[in-house]
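This report refers to the structure that appears directly beneath it.
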Ligand SMILES: [Mg+2]
């Protein structure tokens with residue numbers, strides 16, 4: 001082949017044309033964490049423990065013990081019911097409360113009743129979800145919790161109607177910040193990671209994990225933490241009321257084009 005001739009005859013090769021400026025992608029999917037992003041779960045959990053045990057300082061221990069047992073569900077070593085029983089048993093053991101299996105079950109049942117009675121949506125959730133739906137964005141709830149009770153929680157609080165998909169770590173066998181969790185949500189809803197954003201209250205689990213998976217990672221820092229150094233490429237908002245403006249500034253177009 002005469003390469004010189006081939007090159008000469010190539011039509012309108014734009015050797016001297018400057019590269020197109022980068023254009024930001026369209027936003028088609030917003031993923032939201034559930035606990036402490038949409039629902040004030042910590043306040044409900046703290047309140048339940050304080051009511052049952054008469055102490056207000058037990059939440060950090062409860063969280064640590066819960067995280068250990070959630071990991072066992074995600075890895076397939078325990079099912080949801082067994083993990084919750086053992087979590088509560090370990091928690092009571094660490095407090096020095098030695099009780100039999102029947103009392104452990106009774107404590108957990110009462111605790112769940114109290115939590116369910118007191119959990120609340122944050123005040124900025126419904127306006128934000130309304131905005132996102134009106135913009136034509138697909139929505140996914142993405143949680144590291146271990147069981148299907150998360151769906152009941154969304155239904156109880158009137159949120160189920162907003163979401164196209166609910167991804168639960170305990171059902172998928174993988175948890176945030178593993179990129180597989182984020183990529184499975186994108187694949188389920190037919191979007192690529194660069195067309196998606198994920199918002200959550202945990203800097204590393206939610207925002208950094210999403211960024212590393214190729215999504216826009218948004219840290220919802222409701223408490224205004226001043227001790228965290230925010231990693232490069234992670235966005236920070238103080239409330240969900242700030243999310244629409246952030247998304248408009250980061251994406252060229254918001255929403256899924258209507259089918260013709
Ligand atoms: Mg959370």
Pick out the one residue from 231, 244 that is assigned by TED's automatic domain parsing to the domain that holds residue 163 and either within 16 Å of the ligand (Cβ to nearest atom) or assigned to a helix (DSSP H, G or I) (or both). 244
Candidate set from region 29-57 (those that are surrounded by 19 or more Cβ atoms within 10 Å (Cβ to Cβ) and more than 15 Å from the ligand (Cβ to nearest atom)); member that is nearest to the chain's Cα centre (by Cα): 30
Residues (buried (at least 18 other Cβ atoms within 10 Å of the Cβ) and more than 14 Å from the ligand (Cβ to nearest atom)) located in region 191-203: 191, 193, 195, 196, 197
Could you please find all residues in region 80-98 being buried (at least 18 other Cβ atoms within 10 Å of the Cβ) and not in a helix (DSSP H, G or I)? none
Using the structure shown, decide if residue 76 is in a loop (DSSP other than H, G, I, E, B) and either more than 16 Å from the ligand (Cβ to nearest atom) or touching a residue at least 12 places away in the same chain (Cβ under 8 Å) (or both). yes
Evaluate region 54-65: report whether one residue or more is touching a helix residue (DSSP H, G or I) at 6+ places or on another chain (Cβ under 6 Å), under 23 Å from residue 219 (Cβ atoms) and at pLDDT below 85. no
For region 99-122: of the residues being modelled with pLDDT of 95 or more and either closer than 24 Å to residue 167 by Cβ or touching a strand residue (DSSP E or B) at 6+ places or on another chain (Cβ under 8 Å) (or both), which is surrounded by the fewest Cβ atoms within 10 Å (Cβ to Cβ)? 121
Condition (residue is in contact (Cβ under 8 Å) with a residue 12 or more places away in the chain, over 23 Å from residue 255 (Cα atoms) and not assigned by TED's automatic domain parsing to the domain that holds residue 67) applied to region 186-201: is it met by at least one residue? yes
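Does residue 139 count as without any contact (Cβ under 8 Å) to a residue 40 or more places away in the chain and either in the same structural domain as residue 240 (by TED's automatic domain parsing) or not in a helix (DSSP H, G or I) (or both)?
It is false that residue 139 is without any contact (Cβ under 8 Å) to a residue 40 or more places away in the chain and either in the same structural domain as residue 240 (by TED's automatic domain parsing) or not in a helix (DSSP H, G or I) (or both).
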Can you pull out every residue in region 204-224 that is crowded, with 21+ Cβ neighbours inside 10 Å and assigned to a helix (DSSP H, G or I)? 206, 207, 209, 210, 211
Considering residues of region 162-190 that are in contact with a helix residue (DSSP H, G or I) (Cβ under 9 Å, 6 or more places away or on another chain) and over 20 Å from residue 209 (Cβ atoms) only, the residue surrounded by the most Cβ atoms within 10 Å (Cβ to Cβ): 162
If residue 125 satisfies all but one of (1) assigned by TED's automatic domain parsing to the domain that holds residue 247; (2) buried (at least 17 other Cβ atoms within 10 Å of the Cβ); (3) free of Cβ contacts under 8 Å to residues at least 24 places away in the same chain, what's the number of the condition it fails? (3)
Whether any residue in region 171-180 is in a helix (DSSP H, G or I) and modelled with pLDDT of 95 or more is what I want to check. yes
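The values are calculated or read from the model by the stated rules, or taken from the named source; none is laboratory data. Everything quoted here is computed from the prediction, not taken from an experiment. Virtual Cβ from ideal backbone geometry, glycine too; neighbours counted across all protein chains shown.
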